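**Q** Below is a structure I'd like to ask you about.
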Amino acid sequence: PWRSLSSSTSRITKGDVAREAVVSQTTVLYVLSGSKHAERISHRTKRRVLEAADRLGYSINSVAAALKRGYSDHVVLLTVTWDMPTAISGVAVSISRAASRRGLSMIMEVATHDEEAELTLDNIISLDPYGLLLVWDSVDLPAGKRTRLRTRGVPISVLLPLDLTGIPSITADRSQGALQCTKHLIGLGHKRIGMILEVSGVWETTRRKLVGYRETLDAAGIGFDKTLIVESSE
């Protein structure tokens, strides 16, 4: 699974890289393929392998490596978005950097509604990704597509506050955040506290913010006034 990046006609193998780095061929394979087994290899050894491969001008063929291990080196971020530039750009940059540190690359798929997202999942599944991250606020994963992802062993995480059976959610606590903000304003002596809520496609996120806001008002004996709620789509 090796190819030359130089003009030399001699074909260097992973054995040549192993001899150059003074390690086993298995170690070379683990380090250059991004295998999970490489996590047990010391940083010094990894650097020696990478430097040896660089000196020889060779890198592992990522397609062949993916076929051998059963998954690609792509982390896919699927967002069903209401405003991609402002709402998800920072998250995408962080994911891309984290993936790069592990020798992976990020692919971002953007759908404008649920139906488009479901169709996009078919393309994502065909990639055999290393993992799938979802920014999909309003709908559960279709059962058939979830089964296909599980069958292929693709790890899935949701980056929004959703309770999906068997799928972890990694996100900020919207209810607690709204509660703390409202409590702070009440502590400053304010009684008329408004709230601006995004309502275009972020139903669960919005609902949880509103729960924290209302619970804090109730605890302080301040009645909820719907005229102080402003709905925004921007």
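The values are calculated or read from the model by the stated rules, or taken from the named source; none is laboratory data. Not measured: the values here are computed from a predicted model. Glycine also receives a Cβ, built like all others from the backbone with ideal geometry; neighbour counts cover every protein chain displayed. Heads up: the accessible areas ignore ligands, DNA and RNA and are worked out on the full protein's heavy atoms, side chains in. Shrake-Rupley method; radii C 1.70, N 1.55, O 1.52, S 1.80 Å.
**Q** Starting from the 7 Å offset along Cα-to-Cβ, what nm value, one decimal, do you get for the label separation of SER105 and VAL91?
**A** So the label points at SER105 and VAL91 sit 2.3 nm apart.
**Q** At ARG152 and HIS190, where each label point lies 7 Å from the Cα along Cα→Cβ, what is the point-to-point distance in nanometres?
**A** 4.7 nm
**Q** Spin-label point model (7 Å from Cα, Cβ direction): what's the VAL230 to GLU116 distance in nm?
**A** The answer from the label model is 2.8 nm.
**Q** Still on this structure, I have one more. Probe 1.4 Å, all protein chains in place: accessible area of MET195 in Å², nearest 10?
**A** 30 Å²
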